[in-house]
Amino acid sequence: MELAESFIKVDGTRFTLNSKSYYVIGANYWQAMNLGMEKGNRSRVLKDLETLKENGINCIRIMAASEGPPGEPYRMYPALMNAPGEYDESVFQ
């Protein structure tokens, strides 16, 4: 298969892949960023991604940033940015 054939295309109001209808079946996986940290649980991320794939999910959205001081409600911890311009390097890694 040529590389150009492996891309999803638009045909009118539908997506196609190799001239067949292609449906986007997605999920939010916001915790992947923190689970993927060195001190997180990377093996769980891999298992979760495999489980999503097995269940037909072909598109995921991962939160790529989080902010807010520790202890604040409704925050991911650890946050990528604890204060304006103050980043946690371990979350970047």
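The values are calculated or read from the model by the stated rules, or taken from the named source; none is laboratory data. Remember, predicted model here, so these are calculated numbers, not experimental data. FYI the Cβ positions are ideal-geometry reconstructions off the backbone, even for glycines, and counts take in every protein chain you see. The accessibility values were calculated without ligands, DNA or RNA, using every heavy atom of the protein model including side chains. Shrake-Rupley method; radii C 1.70, N 1.55, O 1.52, S 1.80 Å.
Can you tell me how many residues within the range 53-93 are part of a strand (DSSP E or B), under 19 Å from Gly36 (Cβ atoms) and not acidic (Asp, Glu)? So the answer is 6.
When we screen Val10, Val24 for residues that are open to solvent by 50 Å² or more (accessible area, probe 1.4 Å), under 20 Å from the mean Cα position of the chain (by Cα) and of a type in the set (A, V, I, L, M), the only hit is Val24. Ala64 meets the stated requirement of being surrounded by fewer than 15 Cβ atoms within 10 Å (Cβ to Cβ) and closer than 14 Å to Phe92 by Cβ. Of the residues that sit in the range 27-41 and are under 14 Å from Ser66 (Cβ atoms) and assigned to a loop (DSSP other than H, G, I, E, B), which one is most open to solvent (accessible area, probe 1.4 Å)? Taking the candidates together, the pick is Trp30.
Residues of the range 71-91 that are touching a residue at least 12 places away in the same chain (Cβ under 8 Å) and either open to solvent by less than 80 Å² (accessible area, probe 1.4 Å) or under 19 Å from Val24 (Cβ atoms) (or both): Met76, Pro78, Ala79, Leu80, Met81, Asn82, Ala83, Ser90, Val91.
Of the listed requirements (1) touching a helix residue (DSSP H, G or I) at 6+ places or on another chain (Cβ under 8 Å); (2) of a type in the set (S, T, N, Q); (3) modelled with pLDDT under 90, Asn41 misses just one: (3).
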